[in-house]
1. With a 1.4 Å probe and all protein chains left in place, how much accessible area per residue does segment 1-47 have, in Å²?
2. Quick one: 3J(HN,Hα) in Hz for segment 213-222, Karplus 6.51/-1.76/1.60 with θ = phi - 60°, rounded, Gly and Pro as x.
3. Given a Förster radius of 41 Å and the C-beta distance between A22 and D194 as r, what FRET efficiency does 1/(1 + (r/R0)^6) yield to the nearest 0.05?
4. Accessible area per residue for segment 76-163 in Å², computed with a 1.4 Å probe and the full protein assembly in place, what is it?
5. For N217, what residues show an amide H to amide H distance below 5 Å, using hydrogens built from the backbone and excluding near sequence neighbours?
6. So what's the gap between the Cα centers of segment 200-228 and segment 63-84, to the nearest angstrom?
7. Can you tell me the Rg and the Dmax, both Å, for the Cα atoms in segment 50-153?
8. Helix-only estimate, please: 222 nm mean residue ellipticity of the chain, summing -39500 (n - 2.57) across DSSP H runs of length 4 or more and dividing by its residues, to the nearest 500.
Amino acid sequence: GVDGIAFPARQAEVIAVGAVDASYRHMYFSNTGPEVDIVAPGLAINAAGPEDGTVAFSGTSAATPITSAAIAALMSTTPHLTADDAVQLLIAYGDDYGAPGVDSAYGQGILNMGRVIQRNEPGIYDVTAGVPYILVPDDMSDALTIEFYAQNRGTEPIESMTLNVDIDGVPSVLTFANIAVGQTVSERITVPPDQIPADGRVTTTHAAVITGHADVNPRDNGQRSVFILEPIAGN
């Protein structure tokens, strides 16, 4: 649970695996750092126990064998696929979470074996709206900057997509074009201090809409988030 990846995971030739729970939240015991490559389920994972039973197993030590099993499964079912090839596939088809793009907690995303298996199926249009990300200002100003993002999780490039954003009743339409498979697109919106409610409660909704195609999984196209801002000392 510290900032810093220990050896051997921090070595370039080793895959550093972090852990998330079933709600995709980064686990408190999972270290962070630029060496994190990918994250996988690591809370209450069923594992073999004594007397033919099972036990609930948690930790990055649970997320790691899930990842190595995914690599082994790819190598065993795909002729001539090397270990490096398998790793790159897992990373390329990871689900972006946390800060948009690569970050020190989630690495290059959450392991999604389903996307890897479906990678060669044509005609899958699927965009996912990420949880809005709050940026902490360097100057400690009390303005609020929120980064809204979405990821193309299908198998086809998306020619055009909109993010319909609402921040406390103020709408915005963000437009993106030519989104490659696996790519994350994002845009930041800053809320001035005089538009932040007195109780510090900011409510946002946003929905991703693909232009001209039906989304195969529309349930993950929208997000509603509530942020509670604590006042800066002296204000």
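The values are calculated or read from the model by the stated rules, or taken from the named source; none is laboratory data. Since this is a predicted model, take the numbers as computed values, not measurements. Cβ sites come from the backbone with ideal geometry, for glycine too, and all protein chains shown count toward neighbours. Accessible surface is based on the protein model in full, side chains and every heavy atom, while ligands, DNA and RNA are left aside. Shrake-Rupley method; radii C 1.70, N 1.55, O 1.52, S 1.80 Å.
1. In whole numbers, segment 1-47 has 56 Å² accessible per residue.
2. Coupling constants for segment 213-222: 9, 7, 7, 6, 9, x, 5, 9, 8, x Hz.
3. Once the sixth-power term is evaluated, E becomes 0.55.
4. Each residue of segment 76-163 exposes 45 Å² on average to a 1.4 Å probe.
5. Hits under the 5 Å cutoff: V127.
6. Taking the Cα centre of segment 63-84 as reference, the centre of segment 200-228 is 33 Å away.
7. 18.0, 59
8. Details: 3 runs with 33 residues, N = 235.
After summing the helix terms and dividing by the residues of the chain, the value is -4500 deg cm²/dmol.
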